[in-house]
Amino acid sequence: MATALTCFVALVAAGCTGDDRDGFRPGAADAGDPYVPGRGNGGYDVTHYGLDVRYDPSTDRLTGQAVITATATQDLSRFNLDLVGLDVGTVRVGDAPADHRRSDAELVVTPRDGLSRGRQFTVTVGYTGVPTAVEGGSLGSGGFLHTADGAVALGQPDSAATWFPVNDHPSDKASYDLAVTVPDGLAALSNGVPGPKSSADGWTTWRWSERAPMASYLSTLVIGDYRVVTDTHAGRPMVTAVAASLPANGGAASSLARTGEIVDFLASRFGPYPFDSYGGIVIADDRVGYALETQSRPVYGPAFFADDRPNASVVAHELAHQWFGDSVSLARWGDIWLNEGFASYAEWLWEEHDGGRTAQRNFELQYAKTDWSQPSVEPGPDLMFGTAVYKRGALAVHALRRTVGDDTFFRILRTWTAERAGGNATTADLVALAERVAGRQLRPLFDAWLVGGSAPTLP
């Protein structure tokens with residue numbers, strides 16, 4: 001049996017504290033999701049991130065303070081935050097200094113006193129350093145990328161931990177306030193509603209607020225030389241930005257200009273738009289070969305507008321994610337088809353609405369070339385951004401529509417986005433809701449179209 005003295009001596013090495021002896025225990029250092037090992041943490045639930053950062057592109061140095069509001073979900077002796085490659089100066093839990101140490105990509109915090117289950121607390125972390133990129137992911141470069149004129153913080157399934165301490169898993173969503181200070185003349189763009197800007201001594205502070213719960217990978221920070229347009233749409237702020245190096249009236253700008261039109265069409269199918277602001281950002285960095293549904297303000301890589309061609313389809317895809325993925329978020333990455341299948345189907349809906357091929361014709365073409373050996377659900381980490389997740393997922397959505405009819409189908413979608421707004425869900429949750437709304441058994445249909453090993457019978 002350990003004595004109080006041996007616990008004290010072993011505190012840093014083993015995390016043994018008086019609180020441990022009284023039933024308090026460390027929070028898990030991992031969310032337990034095999035698709036992102038080491039990401040996310042247990043023992044607490046974050047409700048808000050208050051971030052105040054300063055970035056100097058000339059040195060690539062970021063200085064920040066994060067104030068994190070959370071609630072203990074167990075009697076907690078210590079807890080972890082995900083943080084990659086930045087130096088931590090001070091940590092406070094409430095008003096008291098807290099012990100802290102680094103363990104690979106983790107910040108381990110031991111408060112002075114244990115945190116009882118149900119107790120709300122704040123963690124204040126001061127940090128600085130040169131942020132790092134995340135290389136080798138399925139989508140290419142991500143994390144915090146230094147660019148020729150600033151930086152881009154972006155990526156899926158993780159990126160947030162490269163620029164602030166975070167519980168980096170979509171199962172723990174939170175609201176955000178961000179103040180970012182950059183040299184005068186540069187834009188600093190992020191999620192949510194824009195706040196007042198202020199300037200002093202050659203620096204400008206941009207402010208953003210996202211009040212709806214947001215998964216950490218949906219946060220973004222884009223700094224550089226951008227043509228920023230601030231307007232309103234349906235009574236809410238609309239902020240769009242295109243890299244100044246791209247043509248002012250080119251394909252990227254014209255595609256982004258259709259954001260309001262596309263949102264309105266999708267809202268007629270999916271239900272009311274779920275956030276307090278709209279927008280989008282087109283960057284010019286070729287390392288980012290993807291678009292990402294960063295909440296309320298998707299970010300588009302330049303490849304989608306190659307040869308200066310417009311591309312409303314990718315805008316429809318990322319805006320559809322505002323319902324499917326952002327408002328209704330994954331509980332676990334193995335169900336990523338819930339995001340990508342519906343967003344891919346939204347491309348078919350938009351194409352038909354915009355005078356192109358019908359959704360039925362796209363369904364037929366995709367059905368004919370699908371590899372049915374690859375499942376949409378639990379595709380495996382190496383294929384979580386594969387065709388089965390996107391296109392086979394879209395096939396399943398249309399098969400549901402063909403089976404239950406348009407009225408019931410769109411009622412299922414609107415019920416899903418309304419009842420699950422701001423939360424997390426699984427494939428099982430969708431099946432149960434679809435069966436409830438349709439008043440019939442649908443599990444065999446979903447099984448055949450999402451995970452069956454051979455081509456399903458056409459409905």
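Figure the gain on full extension for Arg117 and Ala421 (residue separation times 0.36 nm, minus the Cα-Cα span) and round it to one decimal in nm.
106.8 nm
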Once label points are set 7 Å from the Cα along Cα→Cβ at both Ala200 and Val228, what is their separation, rounded to one decimal in nm? 1.9 nm
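Expressed in nm to one decimal, what extension gain is obtained for the pair Glu352 and Asp308 from 0.36 nm per residue of sequence separation less their Cα-Cα distance?
13.5 nm
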Classified through the alpha carbon gyration tensor (a ≥ b ≥ c as square roots of its eigenvalues; rounded if a/c is under 1.5, else prolate when a/b is larger than b/c, else oblate), the stretch 130-195 comes out oblate
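When a/c reaches 1.5 or more, the comparison of a/b and b/c decides; with that in mind, is the stretch 356-440 rounded, prolate or oblate per its Cα gyration tensor? Please report the intermediate quantities before stating the final value.
Details: a/c = 2.07, a/b = 1.22, b/c = 1.70.
Oblate, since a/c reaches 1.5 and b/c is not below a/b.
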Under 15 Å from a point 7 Å along the Cα-to-Cβ line of Thr69: which residues of the stretch 109-130 have their amide N that close? 119-124
Three-way shape label, the chain, alpha-carbon gyration tensor, a/c 1.5: oblate
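Any idea of the accessible area per residue across the chain, 1.4 Å probe, to the nearest Å²? Provide the component values of the computation, followed by the final result.
Working: 17660 Å² over 459 residues.
So the chain comes to 38 Å² accessible per residue, rounded to a whole number.
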Checking the cross-link filter: which lysines have an alpha carbon closer than 27 Å to that of Lys369, excluding same-chain neighbours under 8 positions apart? Lys391
Cβ crowding within 10 Å averaged over residues, with 438-445, 119-126, 238-245 ranked highest first: 238-245, 119-126, 438-445
Reduced to Cα centres, the span from the stretch 336-381 to the stretch 35-80 in Å works out to 36 Å
Of all accessible surface on the chain at a 1.4 Å probe, what whole percent is carbon and sulfur? 50 percent
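The values are calculated or read from the model by the stated rules, or taken from the named source; none is laboratory data. Everything numeric in this text was worked out from a predicted model, so none of it was measured. Reconstructed Cβ throughout: ideal geometry from the backbone, glycine too, with neighbour counts over all protein chains shown. Keep in mind that these areas ignore ligands, DNA and RNA; they rest on the heavy atoms of the full protein, side chains included. Shrake-Rupley method; radii C 1.70, N 1.55, O 1.52, S 1.80 Å.
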